[in-house]
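The values are calculated or read from the model by the stated rules, or taken from the named source; none is laboratory data. Every value quoted in this text rests on a predicted model; they were computed, and no experiment measured them. Note that we place each Cβ from the backbone using ideal geometry, even for glycine, and neighbour counts take in every protein chain shown. Note: accessible area is taken over every heavy atom of the protein model, side chains too, but ligands, DNA and RNA are not part of it. Shrake-Rupley method; radii C 1.70, N 1.55, O 1.52, S 1.80 Å.
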Amino acid sequence: MLECRNIIKEFQTGKSRMRVLDNITLKVDKGEFVSIIGPSGCGKSTLFQLIGGLMTPDSGDIFLDGRNITGQSGHISYMPQHNTLFPWRTVEENAILALEIAGEPRRQALRTAREWLERLGLERYAKEYPHALSGGMQQRVAFLRALISPQELMCLDEPFGALDALTRHDMQQWLLDIWERHRRTVLFITHSIEEAILLSDRIYVLSNKPASVVREFAVPFARPRSERLLEEQQFVRLRTEIHGLLRIH
């Protein structure tokens, strides 16, 4: 579905140019959950901006369903680390934003949002405003907005990074359950090795800046998954191997 081929991105810093992404090649198949993990500041979010068409690579191409979309926006559903909900809109009104932008009539968009709010157990919050919700609930609404957008590919940029440990754990389990029921195509950025292994079908490990793909891992665990997986020896060995790669690159 998504394929990034030999992506290079540089930024001007004074009189010199700094390379951030160095020949990045990766792919995400339809219905797959793929994670990217790498050191802070290595360029993971820059890669998402390139995929979303907010920037253009200096070299390389981005394909979606076989079509070159390099430099084009509007082809992905995006969820950043911070929920970016509009405080003047209710939960259901925030949820329909992507549908409204896509031109869907408001009445139909609200009907869709209410159906999904019920499926995700959020219907009682439909008329609430974001300030009345906890951080975890706000992230659920932001995820719903991405989930019901018309674009198949969801790019989730460390969506749980700002949450406390307990809320993050709950959100991981919630996302795992939702994804395994609906199987949307997901490209996911995280700094947590455990999170990447628990959620993903495959993991790309990136080096420090300039970021390149150090290794690709196929996650060997069957679905559905639960937190009990974290205690298995195979899980511990995979976590240790990925951690070792991050330390030396």
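Some notes on this structure:
- Between helix 106-119 and the chain there is an angle of about 80 degrees, using the helix long axis and the longest principal axis of the Cα atoms.
- For segment 165-217 versus segment 102-116, the gap between their alpha-carbon centres in whole angstrom: 29 Å
- Theoretical gain in end-to-end length, ASP65 to ARG183 [0.36 nm per residue, Cα-Cα removed]: 40.8 nm
- Remark: relative contact order (the chain) = 26 percent; criterion is Cα-Cα distance under 8 angstrom and separation of 6 or more residues.
- Between ALA165 and GLU227, the modelled labels are 1.2 nm apart [label points 7 Å from Cα along Cα→Cβ].
- Sorting ARG145, ARG17, ARG247 by accessible area puts them as ARG247, ARG17, ARG145; the probe is 1.4 Å, largest comes first, and only protein heavy atoms count.
- 32 Å Cα-Cα threshold exceeded, pairs from LYS44/LYS127; LYS15/LYS44; LYS27/LYS209; LYS30/LYS209: LYS44/LYS127
- The label point for MET1 and the one for LYS15, both projected 7 Å from the Cα toward the Cβ, are 4.8 nm apart.
- Between 0 and 90°, nearest 10: helix 135-147 axis offset from the chain longest Cα axis: 80 degrees
- Residue-normalised accessible area of the chain, expressed per residue, 1.4 Å probe, Å²: 47 Å²
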